[in-house]
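Shown next, in structure tokens, is the structure this report addresses.
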Amino acid sequence: EPIVPKFELLKATASGRLLGFDAYKKGINYLAVTYANTPEGQQAQKMVNEMLPKLENAEFANDSISDHFKVVFQFDRTKTDKIETFKTTLDEVLENVRYYKLKSSVDIYDTNTTFVVVHGLRNAQVAKTFDQILLDKDVKKIKEPYFAVSSANYQILQIHKNLETYLNLNNQ
């Protein structure tokens, strides 16, 4: 069936987003070998040759050379009400922040964890002391623990699903 390779590509992409690089690599390799004569198989082979080697590096970059940072709040994925309530509160608080144009998003990390992420910080120190840029009335509303990460390292976290390594590396 012509639709099967399309579903395999979708499956590889979805499992990579949820389970990480190794699952993605396995799915793309399977597609490239099994459906080599289809456009999706040829696309997968091109990805194996060109894209996978670029994504393979799981080493974290030095945060001091970055100028884009995120503040990440970590939640149990099953607590959807708590996540939505927190994001709503966070969005209200971010509107009151002066000197920075910040926005938030909800990102799925893995099958057990969801992140609420603040984007728009350009300084590591400001990201690490995020609660200090909030107004006094807003500090009390944001009680969840957080960690700061550069955008480059956040991308590595999402690709390789190595959060514990990052947190241990930075003693956060």
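The values are calculated or read from the model by the stated rules, or taken from the named source; none is laboratory data. The structure displayed is predicted, hence computed values, not measured ones. Glycine gets a Cβ as well: all are built from the backbone with ideal geometry, and neighbour counts include every protein chain shown. SASA here: full protein model, heavy atoms, side chains in, ligands and nucleic acids out. Shrake-Rupley method; radii C 1.70, N 1.55, O 1.52, S 1.80 Å.
Key figures for this structure:
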| read-out | value |
| --- | --- |
| Cα-based helix-to-principal-axis angle, 80-95 vs the chain, degrees rounded to 10 | 60 |
| Kirkwood hydrodynamic radius of region 83-162, Cα pairs, Å | 13.4 |
| Within the chain, helix-based [θ] at 222 nm, where runs of 4 or more DSSP H residues each add -39,500 (n - 2.57), nearest 500 | -14500 deg cm²/dmol |
| FRET efficiency, Glu144 to Phe7 (Cβ-Cβ, R0 35 Å, nearest 0.05) | 0.40 |
| Radius ratio Rg over Rh of region 115-172, counting only Cα atoms, Kirkwood formula for Rh | 0.99 |
| The chain pair-distance distribution - Cα-Cα, 10 Å bins, rounded % | 9, 32, 29, 19, 9, 2, 0 |
| Accessible area per residue in Å² at 1.4 Å probe, computed on region 1-113 | 66 |
